[in-house]
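Structure record follows, encoded as structure tokens.
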Amino acid sequence: MRTKKKDGIVLIEVVIAMGISLIVLLAVGGVLAASHTRWNNAWDKVNLQQDASYAMLTLSHSIKEAASAAVENDGQALCIYGADGSWVRFTFDRDTNSLDYRIEGQSTQTLIDGRLEDLSFEVDDNRVGIDLTLKADNQEVHLDSTVQMRNYGL
């Protein structure tokens, strides 16, 4: 009796190979989707940290140059006075979740828009305490600092 020699592949082999390929592709796609989500979350957190750092840097720079400071609106606003009598006012607007500032003689500018969760100021002699929290989506950044006025009392 003669045996038949197989030439090529059988349909069932093609179906099995396609099934295995499909499983591998689905697994790779799932890993890529999860990685993309983690990347976006990390990027959002970095952007929020940069915004918080920029706000804190701007506040600190203004406070360091001040001769005096006064807290207003139950700690939600800070007015900083220079040795020459000029002033800068930083205000937390709860309605818009923004940090606005106004320099004497100029129009109001927005430093942080829509992401400010909480902000409070505290003045103790020549030191100003700042407690800043930013929030966007599921990310939150909290910074707390005390800045000393260099020109205090001048």
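For region 109-126, which positions are farther than 17 Å from ALA69 by Cα and buried (at least 17 other Cβ atoms within 10 Å of the Cβ)?
Residues of region 109-126 that are farther than 17 Å from ALA69 by Cα, as a first pass: 109-118.
ILE112, ARG115, LEU116, listed by residue number.
In this structure, does VAL31 turn out to be free of Cβ contacts under 8 Å to residues at least 12 places away in the same chain, over 18 Å from VAL141 (Cβ atoms), in a helix (DSSP H, G or I) and open to solvent by 50 Å² or more (accessible area, probe 1.4 Å)? Yes: the conditions hold for VAL31. The requirement of being closer than 15 Å to GLY75 by Cα and exposed (fewer than 14 other Cβ atoms within 10 Å of the Cβ) is fulfilled somewhere in region 127-144, by at least one residue. For GLN106, the conditions (1) surrounded by fewer than 18 Cβ atoms within 10 Å (Cβ to Cβ); (2) in contact with a strand residue (DSSP E or B) (Cβ under 9 Å, 6 or more places away or on another chain); (3) modelled with pLDDT under 95 all hold with the exception of (2).
When we screen ASP95, ASP74, ASP100 for residues that are acidic (Asp, Glu) and open to solvent by less than 40 Å² (accessible area, probe 1.4 Å), the only hit is ASP100. When GLY8, GLY29 are checked against the criterion of being on the phi > 0 side of the Ramachandran plot and modelled with pLDDT under 95, GLY8 stands alone in meeting it.
Do we find a residue being closer than 25 Å to ALA83 by Cα, of a type in the set (Gly, Ala, Ser), out of contact with any Gly (no Cβ under 6 Å at 6 or more places or on another chain) and in contact (Cβ under 8 Å) with a residue 12 or more places away in the chain anywhere in region 133-143?
Initial filter on region 133-143 (closer than 25 Å to ALA83 by Cα): none.
Checked against the condition, which is being closer than 25 Å to ALA83 by Cα, of a type in the set (Gly, Ala, Ser), out of contact with any Gly (no Cβ under 6 Å at 6 or more places or on another chain) and in contact (Cβ under 8 Å) with a residue 12 or more places away in the chain, region 133-143 yields no hits at all.
The values are calculated or read from the model by the stated rules, or taken from the named source; none is laboratory data. Because the structure is a prediction, the values reported are computed rather than measured. As a convention, Cβ positions derive from the backbone with ideal geometry for all residues, glycine included, and neighbour counts pool all protein chains shown. Remember, those area values only see protein heavy atoms, side chains included, never the ligands or the DNA or RNA. Shrake-Rupley method; radii C 1.70, N 1.55, O 1.52, S 1.80 Å.
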